[in-house]
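In what follows, a single structure is set out as structure tokens and then discussed.
The values are calculated or read from the model by the stated rules, or taken from the named source; none is laboratory data. The structure presented is a predicted model; accordingly, all values stated were derived computationally and were not measured. FYI the Cβ positions are ideal-geometry reconstructions off the backbone, even for glycines, and counts take in every protein chain you see. Heads up: the accessible areas ignore ligands, DNA and RNA and are worked out on the full protein's heavy atoms, side chains in. Shrake-Rupley method; radii C 1.70, N 1.55, O 1.52, S 1.80 Å.
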Amino acid sequence: MARREQRRSGATTVSHWHVTAGEVATTVTLHPHGLETVVDAAWHSAAARLSWHPGDRLARLDWSDGRRAVLKVSQTTSGFRIRYRGSDLKVLVVQPHVAALLSHMPVKVPPDMSRFLLCPMPGQVVRIDVAEGDIVEDGQTLAIVEAMKMENVLKAEKRARVSKVHAVAGAVLAVDQVILEFEAV
């Protein structure tokens, strides 16, 4: 089992972290040098100098091969969200011994909500354009919800049969409240 390793030499501490960015996972070694940190990652051929401290919104990377990048960084509950030139990446940073245990953690699969039409925002149902048993086509209007004095037309995303109507015209709904339920055709 991998262990977090720290070595002190003067005021610097070398540390190893397990980083998962998208589908890529690797161990990263951090070598602090004053206000900057040298990052040595197994998946990258050149070391990079990182100018970033917790709480900073921007991070600057200067690679030893001359390339530079400025990244927008925000902290999440399980790591960081990094954005660069339109790319958005969730990054998990944990100690190596924690990473070894992650494979034993159950993955929580979100429930399949594709068979429901949910209210996109708090509002009042103006009308329901379908009934139970109707077959709806992709793009067909299903319901209209009024929110903040604007009518929002809710349309079908695919062909399906309406199995149950949960709301009626005039009903006031909360966000994500079920309006219609579908079944496959």
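Structure data summary
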read-out: Output for segment 49-64, where each listed residue is touching a Phe, Trp or Tyr at 6+ places or on another chain (Cβ under 9 Å) and either assigned to a loop (DSSP other than H, G, I, E, B) or farther than 17 Å from His16 by Cα (or both); value: Leu58, Ala59, Arg60, Leu61
read-out: Count of segment 136-162 residues which are open to solvent by 70 Å² or more (accessible area, probe 1.4 Å) and in a strand (DSSP E or B); value: 6
read-out: Among (1) small (Gly, Ala, Ser); (2) more than 28 Å from the chain's Cα centre (by Cα); (3) closer than 17 Å to Pro120 by Cβ; (4) loosely packed, with under 13 Cβ neighbours inside 10 Å, the one test that Ala171 misses; value: (4)
read-out: Segment 97-122 - residue that is among the hydrophobic types (A, V, I, L, M, F, W, C), open to solvent by 40 Å² or more (accessible area, probe 1.4 Å) and under 14 Å from Ile179 (Cβ atoms) and, of those, nearest to the chain's Cα centre (by Cα); value: Met113
read-out: Count of segment 65-77 residues which are assigned to a loop (DSSP other than H, G, I, E, B), within 20 Å of Trp17 (Cβ to Cβ) and more than 12 Å from the chain's Cα centre (by Cα); value: 0
read-out: First in segment 93-112 and within 16 Å of Thr20 (Cα to Cα), second anywhere and surrounded by 13 or more Cβ atoms within 10 Å (Cβ to Cβ) and small (Gly, Ala, Ser), Cβ under 6 Å, 6 or more apart; value: Val93/Gly79; Pro96/Ala2
read-out: Failed condition for Val73, given (1) exposed (fewer than 15 other Cβ atoms within 10 Å of the Cβ); (2) among the aliphatic types (A, V, I, L, M); (3) within 30 Å of Leu50 (Cβ to Cβ); value: (1)
read-out: Residue satisfying all of: in segment 123-135; of a type in the set (A, V, I, L, M) and in a loop (DSSP other than H, G, I, E, B); most open to solvent (accessible area, probe 1.4 Å) among these; value: Ala131
